[in-house]
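The values are calculated or read from the model by the stated rules, or taken from the named source; none is laboratory data. This one's a predicted model, so the numbers in the text were calculated from it and none came from an experiment. Here the Cβ positions follow ideal geometry from the backbone for every residue, glycine too, while neighbour counts run over all protein chains shown.
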DNA sequence: GTCTATATTGAGATAGAC
DNA sequence: GTCTATCTCAATATAGAC
C-alpha cells in the first residue's frame, strides 16, 4: 500500500507535493513518455531517489496524479443525487460544477483526455472508463428524468445525452486548445440554452406543456 | 526538399509506403514519444537506415504522415464552395463527408487529436491550427448563410457553430474511445437533426418562415 | 536502396552513506 | 528522507560496405 502523506494546511509543500506538482506540469505539457524523471525531480528541486522513495517509479507518480483527480470528479458525480429542482436546473448546475472542476484540474484533465481518446503514450493502465461511464449515465439519468417530467422532448435519451456531452466537450476543448477565446461558464450556459431550445419542450407547443 | 515517391497503383507497397503504414499504426497506438524507430522499421520489415534514407529522422516520418492527412482534409474543406442547395443541406453533406474522412484516416486523426488538445509528446511542431481554423470558419460561414436565408434562428453564429462542432466531435470521440457503440453516419445525422430542431427556424413560427 | 555494425547519448532505476 | 555515484539498457542516429 502506498503511504499517505497529507500536507498540513498552510505548510510549505514538502518533497512529495512538489514532485506531484512538477509531474502534473510536465506530463501536461510534454505527455507521459516524453517526460523524464530527471526533469520531474529537477523541477521539484529534489533528487531521483526521493521520487522513487515516495512513488516507487515513474508509473507510480502518474497513477497517483490520476487517482487524485479521479476522486474529485467522482465526488462531484455522487453529489448530484442530493440536488433539488427541475431536471433542467439540476443539469445546468451539474454541468457548471463539472466545468469549474475541469478548469481547476486542467493539467491532469489534459493528460487524461489525450490518453483516453488518443494513444496510451506508454503510460500504465488506468481505468478512465469507469468514471466516463458513470458521468454519462448521470447525464442520461437527468435527461430521462426531464423527459418523464415533460421538461424535455420525447426523443431518444441517448442522442439527447450526446448533444449535451458535445456542448460540454466543446467548452473543454476550447479551453485546452484555445484558452484565449474561451467560452467560459457563461458561454457554456449560452450554448446549453441554444441546445435546450431544441431539446426542451417549451415554445414548441403553443398551448400545453407542463400540466 | 523531400523526394516524392508516388506508388504505382496496384504495385505491392515499397519500403517507403510500408514505413509510413507502420509508423501510422504505432504512433496511433502508442503515441509519438513512446514509439521507437526500432519498432517502426521492424514492423515495416526493413532496417533503420532505410527509414533515415527516406525521412531523414523520426520527426520527418511524423511530419510526412501529418502532411498527407492534412492535404486530404484541406481538399474536402475547399470543395464546399462548389456545393449547391440550402445551407442545411450543404452543412449536412459537409459534415457527413468530414466524418467519413475521419473514419478513413482514423489512425492519424487520433494522433492529431491527442497532440492538438493534449501534450505535444515530444513531436515536432505541425500547424494543426491552420486547418482547424479553416474548418471552423467554413462551418461558421454556412451557419451565417443559413441565418441570412432564414433557415436558422437569428442567434449568435459563433455559439451555433460551437453546438454543431460539439456534435461532430462527439461522433468522432465515440469512434476513438468506444467504437463498439459508434454513432456512425446515421447517428451523427440524428444528433444533428436534434440540434437543428432547436437551431433551425422551422416548427417555431406556426406560420411564416420561408417566403 | 539496403544492409551490418557501431557510436553516443540519455533513459529508468538502485546501492549505500548520512 | 535525502543525498552522491553508478549500473544497465535502450534510444536516436550514422559510417561504410554492397
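Quick look at the values:
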| quantity | calculated |
| --- | --- |
| Candidate set: segment B:41-52, residues that are near DNA strand D (Cβ under 8 Å from one of its atoms) and assigned to a helix (DSSP H, G or I); chosen: the one surrounded by the most Cβ atoms within 10 Å (Cβ to Cβ) | B:51 |
| Residue B:84 vs. criteria away from DNA strand C (no atom under 16 Å from the Cβ) and closer than 26 Å to residue A:174 by Cβ | no |
| Any hit, segment A:116-139, residues being without any contact (Cβ under 8 Å) to a residue 60 or more places away in the chain and away from chain B (no Cβ under 14 Å) | no |
| Residue count for segment B:22-35, restricted to those that are more than 14 Å from residue B:106 (Cβ to Cβ) and in a helix (DSSP H, G or I) | 4 |
| Contacts under 7 angstrom Cβ, first residue in segment A:13-25 being within 14 Å of chain B (Cβ to nearest Cβ), partner within 11 Å of DNA strand D (Cβ to nearest atom) and part of a helix (DSSP H, G or I), 6 or more apart | none |
| In segment A:157-185, residue surrounded by the most Cβ atoms within 10 Å (Cβ to Cβ) [restricted to those that are more than 7 Å from chain B (Cβ to nearest Cβ) and over 17 Å from the mean Cα position of the chain (by Cα)] | A:157 |
| Of all residues making up segment A:186-211, the number that are in contact with a helix residue (DSSP H, G or I) (Cβ under 7 Å, 6 or more places away or on another chain), loosely packed, with under 15 Cβ neighbours inside 10 Å and at pLDDT 95 or above | 0 |
| Failed condition for residue A:47, given (1) away from every other protein chain (no Cβ under 14 Å); (2) closer than 27 Å to residue A:128 by Cα; (3) near DNA strand C (Cβ under 9 Å from one of its atoms) | (2) |
| Test set (1) within 12 Å of chain B (Cβ to nearest Cβ); (2) within 26 Å of the chain's Cα centre (by Cα); (3) near DNA strand C (Cβ under 10 Å from one of its atoms) - residue A:39 fails condition number | (2) |
| Number of the condition not met by residue B:81 [criteria: (1) touching a helix residue (DSSP H, G or I) at 6+ places or on another chain (Cβ under 8 Å); (2) part of a helix (DSSP H, G or I); (3) farther than 22 Å from residue A:165 by Cα; (4) without any contact (Cβ under 8 Å) to a residue 24 or more places away in the chain] | (1) |
| Test: residue in segment A:101-113 that is within 16 Å of DNA strand C (Cβ to nearest atom), crowded, with 16+ Cβ neighbours inside 10 Å and over 23 Å from residue A:179 (Cα atoms) | no |
| Residue count, segment B:53-71 (criterion: within 16 Å of DNA strand C (Cβ to nearest atom), part of a helix (DSSP H, G or I) and either farther than 11 Å from residue B:24 by Cα or free of Cβ contacts under 8 Å to residues at least 40 places away in the same chain (or both)) | 6 |
